[in-house]
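The values are calculated or read from the model by the stated rules, or taken from the named source; none is laboratory data. Predicted, not measured: the structure shown is a model, and the values here were computed from it. Note: ideal-geometry Cβ built from the backbone for every residue, glycine included; neighbour counts use all protein chains shown.
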Amino acid sequence: MSASLSLNGVGLTYPTRTGLIQALQGIDLQIEAGEFVAVLGPSGCGKSTLLKLAAGLLPATEGELRLANERITRPSRRAGVVFQKPNLLPWKTVLDNVLLPATTLKLPTAPARQRAQDLLELVGLSGFAGNYPYELSGGMQQRVGIARMLLPDPDLLLMDEPFAALDALSREALTLELQRIWSTQKKSVLFITHSIPEAVFLADRILVMSPRPGRIIEDYRPGLPRPRTLETLNDADFTAACHHLRRHFTHAQAT
């Protein structure tokens, strides 16, 4: 099976007033079709930069990126992106916010509207299609953002700490929800997070990045059975996986 996303020797160096900064170095990565890959690393290591490169929002200064065997040179409808904030338009209803990609991509109106309604049902918001963003909780707004990302039916989902701004209970609920959506949609996912338990719970593979310049220093497979539930959080294998990954960061703090 060919990789949905492939990075070979990817690096990024950018100029500042005080000189050049190497953000990423020698990134080799493949994400297969339907695979959920999480990225962990300290602040400033280039996790979000890596995602922006994969989304075609930044050009790499070294190496090559491919999505479905095509070079990534600009944003593509093959990749959907969700950031920390859903950035909904406050003057548009939930349904119209989900339909925004249909306008920009000039998708046929009737099928797009039906898909938007189906996606709102998928994320548990079918009863809120006519509401406005200010009438929704933060977690509900992020669900709208996920539905909007899925509207063009992308091959790859790029998620940059999508639950970071939520309270603990909302974050836990959306983590379970994302697992359900992913298992239903069968998409490839690159998921950026600072949370070790979140990465272990969601991912097939977890990539650990070094401090800047960001490099992949471990490609770890937690090997937990699916579907994962709240009981998984108390499983000995889950705890062992979290301890294994945490050693990367406790050692860095100790030195």
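From the list ASP167, ASP204, ASP155, exactly one residue is acidic (Asp, Glu) and at pLDDT 95 or above. Which is it?
Answer to the check: ASP204.
Give the stretch 37-46 a look and list any residue that's surrounded by 23 or more Cβ atoms within 10 Å (Cβ to Cβ) and outside any loop (DSSP other than H, G, I, E, B), or say none.
Correct list: ALA38, VAL39, LEU40.
Which one of these is without any contact (Cβ under 8 Å) to a residue 40 or more places away in the chain and either under 28 Å from VAL208 (Cβ atoms) or buried (at least 18 other Cβ atoms within 10 Å of the Cβ) (or both): SER170, SER188? Working first, answer last.
On the way: SER188 fails: without any contact (Cβ under 8 Å) to a residue 40 or more places away in the chain.
The unique qualifying residue is SER170.
Which numbered condition trips up GLY138, out of (1) more than 24 Å from SER43 (Cα to Cα); (2) modelled with pLDDT under 95?
Every condition holds for GLY138 apart from (1).
Return the total of residues in the stretch 1-36 being more than 17 Å from the chain's Cα centre (by Cα) and part of a loop (DSSP other than H, G, I, E, B).
Selection size over the stretch 1-36: 4.
Taking interchain pairs and intrachain pairs at least six residues apart, which have beta carbon atoms under 7 angstrom, with the first residue in the stretch 120-149 and free of Cβ contacts under 8 Å to residues at least 12 places away in the same chain and the second buried (at least 20 other Cβ atoms within 10 Å of the Cβ) and not aromatic (Phe, Trp, Tyr)?
Once the first residue is free of Cβ contacts under 8 Å to residues at least 12 places away in the same chain and sits in the stretch 120-149, its partners that are buried (at least 20 other Cβ atoms within 10 Å of the Cβ) and not aromatic (Phe, Trp, Tyr) give SER126/LEU120.
Would you check which residues across the stretch 57-108 are of a type in the set (D, E, K, R), part of a loop (DSSP other than H, G, I, E, B) and farther than 19 Å from ASN8 by Cβ and list them?
ARG77, LYS85, LYS92, LYS106
Is it the case that ARG221 is modelled with pLDDT of 90 or more and surrounded by fewer than 12 Cβ atoms within 10 Å (Cβ to Cβ)?
Values: modelled with pLDDT of 90 or more: yes; surrounded by fewer than 12 Cβ atoms within 10 Å (Cβ to Cβ): yes.
Yes: the conditions hold for ARG221.
So which residues in the stretch 46-101 are under 13 Å from the mean Cα position of the chain (by Cα) and not aliphatic (A, V, I, L, M)?
Within the stretch 46-101, LYS47, SER48, THR49, LYS52, GLY80, PHE83, GLN84, LYS85, PRO86 meet the criteria.
What are the residues in the stretch 53-75 that are surrounded by fewer than 15 Cβ atoms within 10 Å (Cβ to Cβ) and over 20 Å from GLY26 (Cβ atoms), if any?
Correct list: ASN69, GLU70, THR73, ARG74, PRO75.
Do you know which of the residues in the stretch 110-146 that are within 21 Å of the chain's Cα centre (by Cα) and outside any helix (DSSP H, G or I) is farthest from GLU177 (Cα to Cα)?
So, considering only residues that are within 21 Å of the chain's Cα centre (by Cα) and outside any helix (DSSP H, G or I), the one farthest from GLU177 (Cα to Cα) is SER137.
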